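This report concerns only the one structure given below.
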């Protein structure tokens, strides 16, 4: 059986960036840790982005994930809010890429469908399913619960990709 892999899920936001780390061994999921990085709203955007960066660097150094997944931005009603979300996403993508992690991006509806089975699930449904899929986990915030859901979605997608890569390698070895 292959060694376990650690996946970091990130739910980016300028005010609150959720993160969750899970371990995957075969089809078994295990909660490692979760939390929320908050930025000081009294600071300017550049300083707030530095706070998010520092928090994500600490998470990666402490938990040593093998790969990461970041939630894609959805179309916001407010252009200013969409820009701020995009800036927080950029920090998440930059920090994970600089750490040498393979980084995937998932649309919110994909994450919801992967975890709950419905693409339009609400926050309470996501949190409940995360706790069912990761027994003993208690997400500290809804942002952390979303980040754990992103990690779970990546684990589900990753397992399929690993099986496909193994099948291609076996087919190539038979030539």
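The values are calculated or read from the model by the stated rules, or taken from the named source; none is laboratory data. Just so it is clear, the structure is predicted and the values come from calculations on it, not from any experiment. Reconstructed Cβ throughout: ideal geometry from the backbone, glycine too, with neighbour counts over all protein chains shown.
Each row is one residue, and each column tells you yes or no for (1) at pLDDT 95 or above; (2) touching a strand residue (DSSP E or B) at 6+ places or on another chain (Cβ under 6 Å); (3) surrounded by fewer than 21 Cβ atoms within 10 Å (Cβ to Cβ); (4) closer than 15 Å to residue 147 by Cα.
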position: 3; (1), (2), (3), (4): no, no, yes, no
position: 9; (1), (2), (3), (4): yes, yes, no, yes
position: 20; (1), (2), (3), (4): yes, yes, no, yes
position: 38; (1), (2), (3), (4): yes, yes, yes, yes
position: 49; (1), (2), (3), (4): yes, no, yes, no
position: 55; (1), (2), (3), (4): yes, yes, yes, yes
* Counted residues, the range 116-131 - those being more than 19 Å from residue 12 (Cβ to Cβ) and either modelled with pLDDT of 90 or more or surrounded by 14 or more Cβ atoms within 10 Å (Cβ to Cβ) (or both) -> 6
* How many residues, within the range 1-50, are under 19 Å from residue 140 (Cα atoms) and within 18 Å of the chain's Cα centre (by Cα)? -> 27
* Asked: Can you tell me which residues in the range 54-72 are touching a helix residue (DSSP H, G or I) at 6+ places or on another chain (Cβ under 6 Å) and over 21 Å from residue 39 (Cβ atoms)?
  -> 69
* Asked: Across the range 73-115, what is the number of residues that are touching a helix residue (DSSP H, G or I) at 6+ places or on another chain (Cβ under 8 Å), surrounded by 14 or more Cβ atoms within 10 Å (Cβ to Cβ) and part of a loop (DSSP other than H, G, I, E, B)?
  -> 3
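Name the residues in the range 57-72 that are out of contact with any strand residue (DSSP E or B) (no Cβ under 9 Å at 6 or more places or on another chain) and without any contact (Cβ under 8 Å) to a residue 24 or more places away in the chain, would you?
61, the sole residue that qualifies.
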* To do: Could you check, for the range 154-174, whether at least one of its residues is within 23 Å of residue 26 (Cα to Cα), at pLDDT below 95, touching a helix residue (DSSP H, G or I) at 6+ places or on another chain (Cβ under 6 Å) and outside any loop (DSSP other than H, G, I, E, B)?
  => yes
* Spot the failing condition for residue 24; the list is (1) crowded, with 20+ Cβ neighbours inside 10 Å; (2) in contact with a helix residue (DSSP H, G or I) (Cβ under 6 Å, 6 or more places away or on another chain); (3) at pLDDT 95 or above, and only one is missed. => (3)
* How many residues, within the range 22-36, are in contact (Cβ under 8 Å) with a residue 24 or more places away in the chain, closer than 15 Å to residue 155 by Cα and either touching a strand residue (DSSP E or B) at 6+ places or on another chain (Cβ under 6 Å) or part of a strand (DSSP E or B) (or both)? -> 7
